[in-house]
Every structure is written in structure tokens, then in C-alpha cells.
1. Please work out how many pairs of lysine residues in the chain are eight or more positions apart (or on different chains) and have Cα atoms closer than 17 angstrom.
2. Roughly to the nearest percent, how much of the accessible area of region 101-164 is carbon and sulfur, given a 1.4 Å probe?
3. Just checking my list [x] 72, 22, 12; [y] 26, 19, 17; [z] 39, 18, 13 against semi-axes √(5λ) of the Cα gyration tensor in Å computed from this structure; which label fits?
4. Helix 44-66 versus the longest principal axis of the chain: what is the Cα-based angle in degrees, 0 to 90, to the nearest 10?
5. Taking the 0 to 90 degree range and rounding to the nearest ten, how far is the long axis of helix 81-113 tilted relative to the main principal axis of the chain, both from C-alpha atoms?
6. Relative to the longest principal Cα axis of the chain, at what angle does helix 126-151 sit, 0 to 90 degrees, rounded to 10?
7. What shape does region 83-161 take by its C-alpha gyration tensor, where a ≥ b ≥ c are the square roots of the eigenvalues and a/c under 1.5 counts as rounded, a/b above b/c as prolate, and the rest as oblate?
8. Considering Cα pairs under 8 angstrom that are at least six residues apart, work out the relative contact order of the chain and quote it in whole percent.
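The values are calculated or read from the model by the stated rules, or taken from the named source; none is laboratory data. None of these values were measured; they are calculated from a predicted model. Heavy atoms of the whole protein, side chains included, go into the accessibility calculation; ligands, DNA and RNA do not. Shrake-Rupley method; radii C 1.70, N 1.55, O 1.52, S 1.80 Å.
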Amino acid sequence: MNNLIQTLEKVIGCLTSAAMAGIVVIVFLNVIMRYLFDSGLTWSDEVSVNLFVWFIFLGGILAELYGLHLRVDVFVDRMSPKWQRVCAILSDLLIIVSMSILFWGGMQQVEVTSRNISSATGLPSSYITVSMVIFAGAVLLLTLVNLWKILSGKKVFSKGGDVA
């Protein structure tokens with residue numbers, strides 16, 4: 001399981017790097033073409049925004065892997081390990097509910113946007129909205145793994161908020 005997560009982490013890291021590099025190259029080329037040749041790439045704005053959307057959602061998966069999503073743990077750190085565990089379980093359950101809603105809504109959105117064809121690139125708009133589904137599914141799976149670790153006792157809480 002750890003090898004799979006490490007492999008996915010590397011793949012997602014490469015994809016986010018490629019997306020950011022693609023944005024930089026496309027915008028740079030468009031600027032050069034506009035100022036030097038008085039014409040631009042008609043599709044550059046749309047592709048840059050779409051790459052940025054993918055960058056954000058893939059980066060969100062990495063943030064979940066590293067535990068970097070925003071959380072306010074001022075009160076939880078002061079609780080006993082028992083109550084920290086309870087709060088972690090409740091937090092994971094809320095994440096599971098919200099990611100399930102996002103996944104379900106995203107699937108419906110992909111279906112709707114698959115019929116919308118972009119005028120600049122000629123691609124269906126669903127190739128953007130599917131990033132939301134991938135994000136929600138990945139975070140859902142990672143949260144289920146985390147919840148399983150908490151419930152099975154593999155994740156130990158201690159006073160001061162340190163988690164082993």
C-alpha cells in the first residue's frame with residue numbers, strides 16, 4: 001500500500017510540475033507572439049486556466065497526502081489523547097461526507113459538461129471538471145485509509161497534539 005501511495009505521489013508531483021511548466025511556457029509564448037509578431041495563440045488563455053485548475057486539484061491531493069490542508073488545532077492539541085482521537089474520527093467523517101458530495105456532484109457535472117465543446121480548443125469541457133472528480137475520489141480514499149488507521153489503533157495520539 002505504501003509503495004502504491006509513493007508511486008502515486010511521484011506521478012502527481014510530476015503532473016503538477018508539468019502543468020505549471022505548461023502554463024509558464026504557454027503564457028510566455030503568447031506574450032512573445034503578441035509583442036513581436038502582433039498575433040497570439042487563440043487557445044492559450046483557455047489552456048492556461050484549465051492547466052491551473054488541474055494544478056490546483058492535483059496539488060490538493062498532494063496536500064492531503066502530506067497532511068497540509070488547513071486545520072485549526074488550537075483546542076484539539078490541548079485535549080486528552082482520547083478526545084483527540086474522537087475529534088480526528090469526527091473530522092474524517094465530515095471529510096468523507098463532503099468528498100462524497102463533491103464526487104457525486106462532480107460525476108453529474110462531468111456528464112453535463114461532456115456535451116459542451118470548447119470553441120478555442122475543440123475539447124469537451126468535461127476534461128476540466130473530471131479533475132474535481134479525481135480530487136474528490138483520491139481524498140475520499142486517503143481519508144478512509146486514515147480513518148482505518150485511527151480506528152485500528154495504528155495512529156496513536158498523545159498530549160500536545162503529536163500523532164505517531
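1. So the count works out to 4.
2. That fraction is 68 percent.
3. Only one option fits the structure, namely [z].
4. 10 degrees
5. The angle comes out at about 30 degrees.
6. Tilt relative to the chain: about 10 degrees.
7. The shape class here is prolate.
8. 25 percent
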